[in-house]
Amino acid sequence: MQRIGVFVCWCGSNIAGTVDVKAVAEALKAEPGVVYSTDYQYMCSQAGQNLIIDAVKEHNLTGLVICSCSPRMHEATFRKTAAAAGLNPYMVEIANIREQCSWVHKEMPVGTEKAIILGKAAVAKVNLNTPLTPGESPVTKRALVIGGGIAGIQTALDIADAGFPVDIVETKPTIGGKMAQLDKTFPTLDCAACILTPKMVDVAQHEKIRIFSYSEVTDVKGFVGNFDVTIKKKARFVDETKCTGCGDCVDKCPMKKNPNEFNMGMDNRSAIYIPFAQAVPKVATIDAGACTMLKKGKCGLCSKVCGAGAIDYTQKDEFIEEKYGAIVVATGFNPISMDKFDEYAYNQSKDVITSLEFERLTNAAGPTQGKLLRPSDGKHPHKIVFVQCVGSRCAACAEKGKEYCSKICCMYTAKHAMLTRDKYPDTEVYVFYIDVRTPGKNFDEFYRRAVEEYGVNYIKGMVGKIVPEGDVLKVQASDLISNKQLHIDADLVVLAAAIEPDKSARPLATMLTASMDTNDFFTEAHPKLRPVESPTAGVFLSGACQGPKDIPETVSQAGAAASKVIGLLCKDKLTGNPCIASANEMMCNGCSSCERVCPYGAITYSDKEFRMPDRTTQIRRVASVNPAVCQGCGACTVACPSGAMDLRGFANNQIMAEVDAICK
Amino acid sequence: MRKLSLENINKLFAAVAEDKTLYLPVDQSDGSAKYSKWAEGTVWSNALNTVRSPKDLFFPQTEDLMEFKTEGKNIEVIDIRKESEDFVIFGVRACDVKSFEVLDRVFLSEPVDSYYASRREHAVIVSLACSRPSETCFCTTFGIDAINPEGDVSAWKTATDIYFKANTEKGEEFLASIEALTEESDDTAVNEQKAKTADIMKKLPLADLTTDSFGGGKTEELWNNPVWDEFSQTCLGCGTCTFVCPTCQCYDIKDFDTGNGVIRYRCWDSCMYSEFTRMAHGNNRLTQKERFRQRFMHKLVYYPENNGGLFSCVGCGRCLSKCPISMNIAKVMRKIGGDK
Amino acid sequence: MQMKEYKPLIVAFCCNWCSYAGADLAGNNRLNYPADVKIIRVPCSCRVNPMFILRAFQRGADGVILCGCHPGDCHYTSGNYYTRRRMAMLFSMLDYLGIERERTRVEWVSAAEGAKFAATMNDFVAQVTALGENKRLEDLRCKR
Amino acid sequence: MQKITRDQLITKAVELLSNGTVSAVLGWQKGEFDYDITPAVFTTEEEIKNNFVYNDFCGANFSKYLVAKTKKLEGKILVFLKPCDTYSFNQLLTEHRFDREKVYAVAIGCEGMADVVKLKNKVDGIISIDYKDDAMYVDTLYDGTVKVDYADVLAERCINCKSKKCVAYDELMGEDGEVIDSARFDEVARLEAMTPDERFAFWQNELSRCIRCNACRDACPACTCEKCVFDNPNSGVENKAPANSFEEQMFHIIRAYHVAGRCTDCGECSRVCPQNIPLHLLNRKFIKDINECYGEYQAGAEVGSRAPLVDYTEGDLEPGEVFERGDNNA
């Protein structure tokens, strides 16, 4: 049985004005467990707190009920008071008799009666309180960044600059991501490569950063501060430590007819290749599916020409296990497939291209050395139609498109249109749009320049159909403002394809037990207040894996994620919230219901041996809660049919005792 | 012997109910019968028997014993017992009448259970002879005569009439109270029916079931019989058999916290339940096998050992028809007796 | 005979992050609602077990209301989504058993919605008052 | 009448036992009167040949037994599963309640099982039953041999059979069936269409018969908790008897709620109720609500599916809207 002290605060006249505090203190004196009860003008004042501390000592109190303002106001204060008096801080309960009583009820008898009931509920709860101690866990001072695009690069640099080692895992042979494929960037029109490649070099040269290119994360175990990650380094058949990136092998390789991914398949590369000139790491990779040496054991030319002796046809996938304290997801995006958009004839005509393909067509390092030429016949196009929102904001066509706005298309299309008109003033440019969305610094000015200075024809309306006929593309569209049908014979059509999270994100989310929305974007811990954290502790979000973003937003989010990681890695130990769930193994069925509702992936299962009533032993699958990961929401406690899962600080019997006290 | 035309049976019920509460089997909406309080319009069931036995009327499933009122830290003990009123149970079959004897030996021996005793004293039992036993009936195994039921008054129902004979002083009083409605009769019709029923009794599938292998003193012999392992394998551990049983007498005493005090009540317990006889040190029967054995050993060995050979099964057959997996005492007896 | 004015007993479960804060805000703004409402603080609306609700009715509550963060705003991301399904199913079952559906409610109240909290409570108390005492899900032992 | 015969099952059981595939067989053991069949674990050929039985009264769902039986057993256990039992089997696997490796499951086509209560309401003094193609012929104490049509004693759960498809097995005997678009929710809809007062009266009448024997729970293949809240003195709801109407209601609400989204609608709860309470109408209410609110969901149709109450979508109905939906349907 507890020895409970009740302390009723007047809060000046805030409480005492409508609640007879003396009557409350008197009434609660009779409650089971209560051995001392008193009232005071300001319980939270130093004098009030001293009064509590003295009472604890004088009456050997084991639990405290403070009838005062909201626990959201002073629960922390009174917990400290309890600790100062030598009590466990979690032996305190607050009866909120100010915000939820004296301030909302005007008549003294009514307020007093309710205050007594609220006090009784708090007493009933404290009777069942148990001392709680927060758990501690160590922190591995190393971060993992998954994805080596601009988001991953920026996050890694910021963390590394703070002095913590960082590993980047990138599935492609080089870091750089989508930004490396871009030509110019809006709204400033500076060259993407000029601002990105120096950062890639910084990464390569940073002593705190390791790059695992051509690699994937295959397994994640553990929890915040203590992740165990398995990384698969895919065999590239080239020894990275020996390869100098000279490119001799690439020149000599006879298998030259492989679609070049970096140029969106608009030209070819050899079987052994370096994706682009500024690749980091600048080492060659053999495409095993294209190499005759690997497929048939014939050729071996690259090995012969390699002065460094870096070619190794026997290389195998390598698995690396590493510990991390924090994980940043920066898996980025891809344009959606155009296969289902038959109306735009993407698969029928080479001259219907996506915006990312257009980027390559206008890039000096691209397949046309930056000359805008039609893919079909290499001629200069004189009439170009840009179609916006292809698959974006497409509620009615959910099976092929996306309901959301892809956010970046309006601006890059304006950029494309403007650059085309700038370089090739003889070209007519049409842009079909639903809305033009330009919120952002200098964005609207940029768009208006495209229209007003460069004479781009913006037409509100959607393209209904594109039919290739001879060497023109018959574009049928509607102009919603003048309300008429348009027929344009275009030489080139550029589709602003919606963007979607990279396909690797979903399996990764499963490994990380990080939650995703229905579009496979990672969910943030709080949409407003914790935008760069996943609900899973220790997992952070950077860039477009969380939602469509342009470069400046990505970089700022990357920095924010880095600062959160740094904040975590700075700590030697993590102190948990002690009000967390725990499973009674004797009653646990191992059914996984709790695991399914846990937003944090805090629940794991293991087979344990139990002694059964008939003196035999039995192996049973039982749940355990990781105290470092559980946030104490209690979702699991209700999902559990047997009641094996309970929440410390808000236990079933405590809440029922409160219900009973209120209802009697 | 007193006789009444069945046409007038409701007049009899009305007369009885005038000064005593009358309970009799009444059909419920699901088709099964239950002992219910008679009121104008109540129809006496034709069912062979009720799902729940009439023991409920002496030993209800839940019964409040006393109450504690708390106010602050004060506690007041309140005896909430009400003086039992006189009542009549009508239409009790021979097996169920016998079950009262089994219960009496438990509740009326020292220390007397005053709650039970009070109800017993205030009750008049009007039994009813069986004329259409079911295949699940095996009362004869326990020496019970379904044709000549005991009770304060015995009754026989024919197609047209009902006949009464008093066995006790209470019974005489009962018959006197309905004398005006009944007429004196000889026992020709009754005897005719008895003979017919006796023929059927012989044909019952369980007529050959005997208690030869059971009785006091058999504990050691039967304790390790393989039947307990074999038959308890699929026992669900529910309480159906015990709760429909007319002789099961185990109960638990529990406190219910009302918020303003405590109601101390007792309720039936079941030896099939994992919490049965749980004590501070834990439970002394840890497996379903042990609990299963307890039920049958109690009925067939321990009880007769302590009660002069009286078995605490009356062969009513309720558990035979209600067990979810059709495991029952008859199967256990057959297996151990080895007579099949 | 003089009838005592019927005062219902309402148990309100409020999540710590939104609704409890909303109730505090109602207090800060001195927005009145009947004292019949008694609040129990839970970390998240998803902590509320259907057994707590039945328990409240057993012990004499005339109405039970659950308040949580608006869908999408849960402090724990998904708690209130589970609450929504659980309570939809539970309340539908209570209704199926013939228990007045007006005795139960779920309301999403944010920390900024002090006025909504007070208005909700006023409305719910009025609704339960109109129904009168909970007879269908009561335990007479608790009323002795 | 069942198409699969006792002899076929015995042959199969003996074969698997003698070739060492399994070390025990979960099957049906004959009783005293042909309808009182007990689930049993057979370990020898002799026992199987003498006591194994299969007929229209073999309604018990064996899935639940696997939880306990697989833990103690060396080797595998053979279990015969009717279509509806295969759903329970999958649901238990989803919840990791037994080790699939320790079970050899033989699914058997089902023609629908008979309800003993229905039969007894028709025929008194059943001594034995002969299953012929056209009907069952019941030998009785009072009326000689009585012909009873199978359809007249078909169990409610079989009249409203949801599926004759076997969704889990190592081996299938007989023909596999299809998922059936049954009328199983009609009775729930009828109750929903009543006024609350009528519904209250209906359930008070039904639940008042409850004797809290726990048979519904103990037979339920979804109720496999190591410690049930109703047996746990610390749970706050434990009791051994239905002390009053509140407890009757609470027991059945919580029982049905705890299996909501996990109940496969096998109908065992109603079959075993000694008081004939239509408990399946509570479970089916949850199933109907779940189907209507969150999309069609059949527990146990596949292993590993996410039960609706441990799932959500952002656009789910609000609790208040669930009632509006009910009104529209009514």
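The values are calculated or read from the model by the stated rules, or taken from the named source; none is laboratory data. Bear in mind that the values here come from a model prediction, so they are computed numbers and not experimental data. Here Cβ is always computed from backbone atoms with ideal geometry, including for glycine, and neighbour counts include all displayed protein chains.
Tell me yes or no: at least one residue of segment B:273-285 is buried (at least 24 other Cβ atoms within 10 Å of the Cβ), more than 30 Å from D:V25 (Cα to Cα) and not assigned by TED's automatic domain parsing to the domain that holds B:R93.
There is no residue in segment B:273-285 that is buried (at least 24 other Cβ atoms within 10 Å of the Cβ), more than 30 Å from D:V25 (Cα to Cα) and not assigned by TED's automatic domain parsing to the domain that holds B:R93.
Got a sec? Which of A:D422, A:D426 is surrounded by fewer than 17 Cβ atoms within 10 Å (Cβ to Cβ) and either at positive phi or not in a loop (DSSP other than H, G, I, E, B) (or both)?
The conditions single out A:D422.
In segment D:235-267, what residues are at the interface with another protein chain (Cβ under 7 Å from one of its Cβ atoms) and part of a loop (DSSP other than H, G, I, E, B)?
Within segment D:235-267, D:S235, D:G236, D:V237, D:K240, D:A241, D:A243, D:N244, D:A260 qualify.
Which one is nearest to D:V259 (Cα to Cα), of the residues in segment A:628-640 that are touching a Phe, Trp or Tyr at 6+ places or on another chain (Cβ under 9 Å) and more than 7 Å from chain C (Cβ to nearest Cβ)?
Kept after step one, since they are touching a Phe, Trp or Tyr at 6+ places or on another chain (Cβ under 9 Å), are these residues of segment A:628-640: A:628-635, A:637-639.
In the following step, the residues that additionally are more than 7 Å from chain C (Cβ to nearest Cβ) were identified as A:628-630, A:639.
On the way: A:A628: 31, A:V629: 29, A:C630: 26, A:A639: 11 Å.
If we take residues in segment A:628-640 being touching a Phe, Trp or Tyr at 6+ places or on another chain (Cβ under 9 Å) and more than 7 Å from chain C (Cβ to nearest Cβ), then A:A639 is nearest to D:V259 (Cα to Cα).
Among the strands (runs of 3 or more DSSP E) lying completely within segment D:33-118, list those that include at least 1 residues that are farther than 18 Å from D:C223 by Cβ and more than 11 Å from chain B (Cβ to nearest Cβ).
The qualifying strands (runs of 3 or more DSSP E) are D:77-81, D:103-108.
Within the group B:V227, B:V262, which residue is closer than 18 Å to B:I336 by Cβ and surrounded by 15 or more Cβ atoms within 10 Å (Cβ to Cβ)?
Checking each option against the conditions leaves just B:V227.
Kindly check whether there is at least one residue in segment C:85-95 that is more than 7 Å from chain D (Cβ to nearest Cβ) and within 14 Å of C:L137 (Cα to Cα).
Taking segment C:85-95 as the starting set, the residues that turn out to be more than 7 Å from chain D (Cβ to nearest Cβ) are C:94.
Within this subset, residues satisfying the condition of being within 14 Å of C:L137 (Cα to Cα) are C:94.
Taking every residue of segment C:85-95 in turn, at least one turns out to be more than 7 Å from chain D (Cβ to nearest Cβ) and within 14 Å of C:L137 (Cα to Cα).
Give the residues of segment C:53-69 that are more than 7 Å from chain A (Cβ to nearest Cβ) and either free of Cβ contacts under 8 Å to residues at least 24 places away in the same chain or in a loop (DSSP other than H, G, I, E, B) (or both), sorted by residue number.
So the first thing to find is which residues in segment C:53-69 are more than 7 Å from chain A (Cβ to nearest Cβ), and the list is C:53-54, C:57-58, C:62-69.
Listed by number, the residues that qualify are C:D62, C:C69.
Can you pull out the residues in segment D:135-155 that are touching a residue at least 24 places away in the same chain (Cβ under 8 Å), surrounded by 16 or more Cβ atoms within 10 Å (Cβ to Cβ) and not in a strand (DSSP E or B)?
D:Y150, D:V153, D:A155
Determine whether segment A:452-468 contains at least one residue that is surrounded by fewer than 20 Cβ atoms within 10 Å (Cβ to Cβ), over 39 Å from the mean Cα position of the chain (by Cα) and assigned to a strand (DSSP E or B).
The answer is yes; a qualifying residue exists.
Condition check: assigned to a loop (DSSP other than H, G, I, E, B) and under 17 Å from C:A12 (Cβ atoms). Does A:V104 satisfy that?
Working: assigned to a loop (DSSP other than H, G, I, E, B): yes; under 17 Å from C:A12 (Cβ atoms): yes.
Against the criterion (assigned to a loop (DSSP other than H, G, I, E, B) and under 17 Å from C:A12 (Cβ atoms)), A:V104 qualifies.
Report, by residue number, each residue of segment D:90-102 that is in contact with a Lys or Arg (Cβ under 9 Å, 6 or more places away or on another chain) and touching a residue at least 60 places away in the same chain (Cβ under 8 Å). Working first, answer last.
Keep residues of segment D:90-102 that are in contact with a Lys or Arg (Cβ under 9 Å, 6 or more places away or on another chain), which gives D:91-99, D:101-102.
Residues satisfying the conditions are D:Q91, D:L92, D:L93, D:T94, D:E95, D:R97.
Looking at segment A:216-242 only, could you name the residues that are modelled with pLDDT of 95 or more and hydrophobic (A, V, I, L, M, F, W, C)?
Those that are modelled with pLDDT of 95 or more and hydrophobic (A, V, I, L, M, F, W, C): A:V217, A:V229, A:I231, A:A235, A:F237, A:V238.
Given the residues D:N205, D:N160, which is the only one that is under 16 Å from the mean Cα position of the chain (by Cα) and not basic (K, R)? Spell out the reasoning first.
Values: D:N205 fails: under 16 Å from the mean Cα position of the chain (by Cα).
Every option except D:N160 fails the conditions.
Which pairs do you get when a residue that is more than 7 Å from chain A (Cβ to nearest Cβ) and over 27 Å from A:G634 (Cα atoms), found in segment C:24-52, comes within reach of a residue that is part of a helix (DSSP H, G or I) and of a type in the set (G, A, S), reach meaning Cβ atoms under 7 angstrom, with the pair 6+ apart or on two chains?
Taking only residues 6 or more apart or on different chains, the pairs are C:N29/C:G114.
If you take the residues in segment C:96-131 that are of a type in the set (K, R) and surrounded by fewer than 21 Cβ atoms within 10 Å (Cβ to Cβ), which one is farthest from C:S19 (Cα to Cα)?
The initial filter retains those residues of segment C:96-131 that are of a type in the set (K, R), namely C:101, C:103, C:105, C:116.
Add one more test, that the residue is surrounded by fewer than 21 Cβ atoms within 10 Å (Cβ to Cβ), and what stays is C:101, C:116.
Numbers: C:R101: 22, C:K116: 10 Å.
Selected residue: C:R101.
Please go through segment B:39-51 and give me each residue that is away from chain D (no Cβ under 14 Å) and touching a residue at least 40 places away in the same chain (Cβ under 8 Å), ordered by number. Steps first, answer last, please.
First pass over segment B:39-51, keeping only residues away from chain D (no Cβ under 14 Å): B:39-44.
If the condition is that a residue be away from chain D (no Cβ under 14 Å) and touching a residue at least 40 places away in the same chain (Cβ under 8 Å), then B:W44 is the only one that fits.
Just one of A:D342, A:D317 is in contact (Cβ under 8 Å) with a residue 12 or more places away in the chain and of a type in the set (D, E); which is it?
Numbers: A:D342 fails: in contact (Cβ under 8 Å) with a residue 12 or more places away in the chain.
None of the other options fit; the residue is A:D317.
Going by the conditions given, is A:V436 within 36 Å of the chain's Cα centre (by Cα) and crowded, with 22+ Cβ neighbours inside 10 Å?
Numbers: within 36 Å of the chain's Cα centre (by Cα): yes; crowded, with 22+ Cβ neighbours inside 10 Å: no.
No.
So which residues in segment B:258-272 are of a type in the set (D, E, K, R) and over 20 Å from B:E71 (Cα atoms)?
Residues of segment B:258-272 of a type in the set (D, E, K, R): B:264, B:266, B:269.
B:R266, B:D269 - these are the residues of segment B:258-272 that are of a type in the set (D, E, K, R) and over 20 Å from B:E71 (Cα atoms).
Going by the structure shown, is B:T211 surrounded by fewer than 20 Cβ atoms within 10 Å (Cβ to Cβ) and within 14 Å of chain A (Cβ to nearest Cβ)?
Values: surrounded by fewer than 20 Cβ atoms within 10 Å (Cβ to Cβ): yes; within 14 Å of chain A (Cβ to nearest Cβ): no.
For B:T211, the condition - surrounded by fewer than 20 Cβ atoms within 10 Å (Cβ to Cβ) and within 14 Å of chain A (Cβ to nearest Cβ) - is not met.
Between B:S185, B:S154, which is polar (S, T, N, Q) and more than 21 Å from the chain's Cα centre (by Cα)? Walk me through it before giving the result.
Numbers: B:S154 fails: more than 21 Å from the chain's Cα centre (by Cα).
Within the list B:S185, B:S154, the selection yields B:S185.
Which is in contact with a His (Cβ under 9 Å, 6 or more places away or on another chain) and modelled with pLDDT under 95, of B:S84, B:S29?
On the way: B:S29 fails: in contact with a His (Cβ under 9 Å, 6 or more places away or on another chain).
Unique residue meeting the criteria: B:S84.
Please state which of the following conditions B:C267 fails to meet, knowing it meets all the rest: (1) within 14 Å of chain A (Cβ to nearest Cβ); (2) touching a strand residue (DSSP E or B) at 6+ places or on another chain (Cβ under 8 Å).
(1)
For D:N205, only one of the following conditions fails: (1) touching a helix residue (DSSP H, G or I) at 6+ places or on another chain (Cβ under 8 Å); (2) not in a loop (DSSP other than H, G, I, E, B). What is its number?
Result: D:N205 passes all but (1).
Restricted to segment D:202-217, and to residues that are free of Cβ contacts under 8 Å to residues at least 24 places away in the same chain and facing another protein chain (nearest Cβ under 7 Å), which residue is surrounded by the most Cβ atoms within 10 Å (Cβ to Cβ)?
Going through segment D:202-217, the residues free of Cβ contacts under 8 Å to residues at least 24 places away in the same chain turn out to be D:202, D:205, D:214.
From what's left, facing another protein chain (nearest Cβ under 7 Å): D:205, D:214.
Working: D:N205: 13, D:N214: 26.
So, considering only residues that are free of Cβ contacts under 8 Å to residues at least 24 places away in the same chain and facing another protein chain (nearest Cβ under 7 Å), the one surrounded by the most Cβ atoms within 10 Å (Cβ to Cβ) is D:N214.
Condition first: more than 8 Å from chain C (Cβ to nearest Cβ) and surrounded by fewer than 21 Cβ atoms within 10 Å (Cβ to Cβ). Now tell me which residues in segment A:91-114 satisfy that.
A:E107, A:M108, A:P109, listed by residue number.
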